[in-house]
Amino acid sequence: MTTPTPTTIDDLASISLAELNDLAELLTRTDRKYIVSEELLGGLLSGCGDDIVVLEIDGRREFAYESVYFDTADMALHRAAAAGRRYRFKARTRMYQDSGVAVLEVKSKDGRGRTVKNRLDYDVADRHRLTEAGRSFVDELVAAPGIADTLAPVLTTQYRRSTLVDLRAGTRATIDRGLVCTDPHGGTVTLDRVIIETKSDRGTSAIDQWLWRHGARPAKMSKYCTALAVLQPDLPANKWRRTLDRYFR
């Protein structure tokens, strides 16, 4: 009997979290984002071959995420990203809603455009604030004592995520659906398309190459910065203007 060609996440072989971390944890990496249709995603899953598997935990292949982003009163972290400063960071808590686990993350750029991520285990009840331990963690990582005292929650994002792994290359890609972004005043931004983010420490991945062959190109997008640029039009957004005009207007 011929094995059906994979066209959905459920058709793929699976990998455990421990196996993923051994193969492709990639806390230092190069990221590319693509905003695509469900149809193109189905073609990708059909076209990338048997080397692509999906993360599965307790029978689940899609997981609900909530992230709370922190910034200064004048949105200095957003502005640093908009200006493309070589050394910049984001601070956020992330809750894995299916398991009730939370972490505090600091994502920074290392001067070569590569993303470096550091994590601290965090109490779910504290995810909308920075605790004393959280503030110390941020200050130490960004070498700016006291900066964490100026940070407050400014945006919450929610979405569903699946994670693909290329067994041969040791690279990853995430697939996010159902993005909803909400600010503390109740302003909301949604996206009805799929966000694919490739993550590699070796340049381009097989998924990047497939997407390029089929007409998809990386999009300038940050869930945090793009949503804020929609919710607060006075913020700088030149870096994401094409993405805003094409997908969020």
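The values are calculated or read from the model by the stated rules, or taken from the named source; none is laboratory data. Remember, predicted model here, so these are calculated numbers, not experimental data. Because the Cβ atoms are built from the backbone with ideal geometry, glycine has one as well, and the counts that use them run over all protein chains shown.
Any residue that is within 15 Å of the chain's Cα centre (by Cα) and in a loop (DSSP other than H, G, I, E, B) - is there at least one of those in the range 151-166? No: the range 151-166 contains no residue that is within 15 Å of the chain's Cα centre (by Cα) and in a loop (DSSP other than H, G, I, E, B).
Of all residues assigned to the range 102-121, none qualifies as being of a type in the set (S, T, Y), at negative phi and either modelled with pLDDT of 95 or more or not in a strand (DSSP E or B) (or both).
Every condition in (1) in contact (Cβ under 8 Å) with a residue 40 or more places away in the chain; (2) over 19 Å from the mean Cα position of the chain (by Cα) holds for R213 except the one numbered (1). Would the range 41-59 turn up any residue that is modelled with pLDDT of 95 or more and of a type in the set (D, E, K, R)? Within the range 41-59 (the criterion being modelled with pLDDT of 95 or more and of a type in the set (D, E, K, R)), the answer is yes, since at least one residue qualifies. When residues in the range 81-112 are screened for being among the aliphatic types (A, V, I, L, M) and either over 19 Å from E140 (Cα atoms) or touching a Cys at 6+ places or on another chain (Cβ under 8 Å) (or both), 6 of them pass.
State all residues of the range 50-101 that are closer than 21 Å to R161 by Cβ, acidic (D, E) and either outside any strand (DSSP E or B) or touching a helix residue (DSSP H, G or I) at 6+ places or on another chain (Cβ under 6 Å) (or both); if no residue qualifies, say none. Those that are closer than 21 Å to R161 by Cβ, acidic (D, E) and either outside any strand (DSSP E or B) or touching a helix residue (DSSP H, G or I) at 6+ places or on another chain (Cβ under 6 Å) (or both): D51, E56, D58, E62, D98. Before we move on, is I207 in contact (Cβ under 8 Å) with a residue 24 or more places away in the chain, of a type outside the set (D, E), under 14 Å from D31 (Cβ atoms) and in contact with a Phe, Trp or Tyr (Cβ under 7 Å, 6 or more places away or on another chain)? It is false that I207 is in contact (Cβ under 8 Å) with a residue 24 or more places away in the chain, of a type outside the set (D, E), under 14 Å from D31 (Cβ atoms) and in contact with a Phe, Trp or Tyr (Cβ under 7 Å, 6 or more places away or on another chain).
Those strands (runs of 3 or more DSSP E) of the range 171-235 in which at least 1 residues are polar (S, T, N, Q) and either surrounded by fewer than 18 Cβ atoms within 10 Å (Cβ to Cβ) or modelled with pLDDT of 95 or more (or both), considering only elements entirely within it, cover 171-182, 188-191. Checked against the criteria, T226 does not count as of a type in the set (S, T, N, Q) and under 24 Å from L55 (Cα atoms). Figure legend. Inter-residue proximity from the range 58-82: first residues farther than 21 Å from K220 by Cα, second residues surrounded by fewer than 18 Cβ atoms within 10 Å (Cβ to Cβ) and among the β-branched types (V, I, T), beta-carbon distance below 9 Å, spacing 6+ or different chains. Indicated pairs: F63/I57; T72/I147; T72/T150; A73/T150.
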